[in-house]
1. Check whether at least one residue in the stretch 333-340 is in contact with an Asp or Glu (Cβ under 6 Å, 6 or more places away or on another chain), in the same structural domain as Thr210 (by TED's automatic domain parsing), away from the ligand (no atom under 16 Å from the Cβ) and not small (Gly, Ala, Ser), and report yes or no.
2. Evaluate the following for Glu321: is it of a type outside the set (A, V, I, L, M) and more than 12 Å from the ligand (Cβ to nearest atom)?
3. Looking at the stretch 268-288, which of the residues that are over 16 Å from Ile253 (Cα atoms) and touching a Ser or Thr at 6+ places or on another chain (Cβ under 7 Å) is surrounded by the fewest Cβ atoms within 10 Å (Cβ to Cβ)?
4. Here are some conditions: (1) open to solvent by 50 Å² or more (accessible area, probe 1.4 Å); (2) within 16 Å of the ligand (Cβ to nearest atom); (3) touching a Leu at 6+ places or on another chain (Cβ under 8 Å); (4) not aromatic (Phe, Trp, Tyr). Arg300 meets all but one. Which one does it not meet?
5. Can you tell me which residue within the stretch 178-201, out of those that are touching a helix residue (DSSP H, G or I) at 6+ places or on another chain (Cβ under 9 Å) and free of Cβ contacts under 8 Å to residues at least 60 places away in the same chain, is farthest from Ser278 (Cα to Cα)?
6. Of all residues being farther than 22 Å from Ile345 by Cα and polar (S, T, N, Q) in the stretch 86-120, which is least open to solvent (accessible area, probe 1.4 Å)? Just the residue, please.
7. Among the residues of the stretch 71-85, how many are out of contact with any Pro (no Cβ under 7 Å at 6 or more places or on another chain) and crowded, with 22+ Cβ neighbours inside 10 Å?
8. Looking for something acidic (Asp, Glu), within 22 Å of Pro290 (Cα to Cα) and more than 22 Å from the chain's Cα centre (by Cα) - is there at least one such residue anywhere in the stretch 334-342?
Amino acid sequence: MSELTTIDEVNEFFDSAATFLKLDSGTRDLLKNPWRELKVSIPITMDSGELKVFSGYRVQHNAARGPYKGGVRYHPDADINEVESLASLMTWKTALVDIPFGGAKGGVQCDPLQLSTTELNRITRRYTQNISHILGVNRDIPAPDLGTNAQTMAWMMDAYGQTYGYTPGIVTGKPVQLGGSVGRESATGLGVFLLLEQIAQDLNIDIPTTKIVIQGSGNVGLWTALFAYQKGFKIIGISDVNGGIFSENGLNINELKNYLTEHKSIENFPNSEPISNSDLLELECDFLIPAAIDRVIDERNVSNIKSKYIIEAANHPITPEADKVLVDKNITIVPDILANAGGVIVSYFEWTQNLYQHKWTEERISNELQTIIIKAFNEVKALAHNENMSFRNAAFVIGIAKVVEASTLRGFLEK
Ligand code: NAD
């Protein structure tokens, strides 16, 4: 397996675009390195009475275009390296879709499935207090990510407010009752679906016979599956951390949503067969949508991937080595910084609503999300076509160029 760390891999994608943009080494250094990294200890008394110390991180990568913005991940692999790579992806993502934010990411190294609600509440409060001096409505605004949700954001907002007063705009992805936006919970999945629908339309694909496989059935995976199913696409496989389910005739995702609410797992879902997460990725299908964790397609399994298109709903699901193989096989990959941008786009709408203390309708949220994400998609497609490059390279070129422009105007870079 590759010796590269996640940040090395993301920087490989960066360098390929930087070469196209003819950036010198000083500029590359400025843009690759995070502006600020904070590691905190999170001492918690567990329900058992035992004291445990967790590690938490906040990496502020780049704020040339606006306040730092990025999710907080609760996962056993959430170390400084992973958080740094995800913060960097946020910088290129917010620039690509042209919303006024920079890039950041946070993480707590823990397994949320092994923690009680009260333990998660305590971890979130202590983590928030320990990083609060670098947060701010005009400085750095966290959001949910893998292993966190609207409840986590409610706790973060409350913990921040204990010191700084009522500040709904300090986090996005909050419950609607606390100033969250309608449509934020489903936003990332809706963005993925809108891109799927656009590709199907561009290529005149027959929707009812189009087979889709989705890895992950959390926030992003399940919403993507629901929108696609309700449009008439055939979802033949989906998974969670414990494994997947498969049906050649397509799964009923409306029923799966209810089943998941009741059973908290997709195991033994009626009219489906079990399948492992690794076999799921290798199923014959039209669209493969990784929507769980990073680096699930690498040099070990890439030659077995049979999908015609890949939409990266998860962050960094494909290593650069695997990416090269897939691009050589003419598999179209919609890269993470475009595919999962729906979440941060609606976070931007939520932040705007909080600043104005005003509420938008769900229809306005969906329409404006669609306008922004499809515009970005068309720009990526046009550049990829004109310069004969991959969608990923084109997306990075567009995002990086905007950050270079802002950095130059601010005076970090000489003209
Ligand atoms: P989530 O915690 O709601 O769901 C994650 C899903 O992945 C669950 O079904 C879980 O069981 C599964 N999973 C976890 N570990 C796994 C493993 N080792 N193998 C296979 N499956 C595993 O998280 P989410 O918010 O849906 O995020 C999923 C991905 O989307 C992440 O890469 C995240 O960074 C990215 N993303 C999320 C958002 C958002 O708004 N939530 C926005 C942009 C990008």
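1. Within the stretch 333-340 (the criterion being in contact with an Asp or Glu (Cβ under 6 Å, 6 or more places away or on another chain), in the same structural domain as Thr210 (by TED's automatic domain parsing), away from the ligand (no atom under 16 Å from the Cβ) and not small (Gly, Ala, Ser)), the answer is no, since none of the residues qualifies.
2. Working: of a type outside the set (A, V, I, L, M): yes; more than 12 Å from the ligand (Cβ to nearest atom): yes.
Here the answer is yes, as Glu321 does meet what is asked.
3. Among those residues, the one meeting the criterion is Asn277.
4. (3)
5. Let us first name the residues in the stretch 178-201 that are touching a helix residue (DSSP H, G or I) at 6+ places or on another chain (Cβ under 9 Å), namely 178-200.
Next, only the ones that are free of Cβ contacts under 8 Å to residues at least 60 places away in the same chain stay: 178, 185-186, 193, 197, 200.
On the way: Leu178: 39, Glu185: 28, Ser186: 26, Phe193: 23, Glu197: 26, Ala200: 26 Å.
Only one residue fits best here, namely Leu178.
6. Initial filter on the stretch 86-120 (farther than 22 Å from Ile345 by Cα): 108-120.
Filter once more, keeping what is polar (S, T, N, Q): 109, 114, 116-118.
On the way: Gln109: 65, Gln114: 141, Ser116: 35, Thr117: 94, Thr118: 74 Å².
For the stretch 86-120, the residue satisfying everything is Ser116.
7. Narrowing the stretch 71-85 to residues out of contact with any Pro (no Cβ under 7 Å at 6 or more places or on another chain): 73, 75-83, 85.
Subset that is crowded, with 22+ Cβ neighbours inside 10 Å: 73, 78, 82-83, 85.
Count: 5.
8. Within the stretch 334-342, the subset acidic (Asp, Glu) is 336.
Then keep just the ones that are within 22 Å of Pro290 (Cα to Cα); that gives 336.
Subset that is more than 22 Å from the chain's Cα centre (by Cα): none.
Taking every residue of the stretch 334-342 in turn, none turns out to be acidic (Asp, Glu), within 22 Å of Pro290 (Cα to Cα) and more than 22 Å from the chain's Cα centre (by Cα).
The values are calculated or read from the model by the stated rules, or taken from the named source; none is laboratory data. Note that the structure is predicted; figures quoted are calculated from it, not measured. Don't worry about glycine lacking a Cβ; one is built from the backbone with ideal geometry, like all the others, and counts go over all protein chains shown. What goes into the accessible areas is simple: the full protein's heavy atoms, side chains included, and nothing from ligands, DNA or RNA. Shrake-Rupley method; radii C 1.70, N 1.55, O 1.52, S 1.80 Å.
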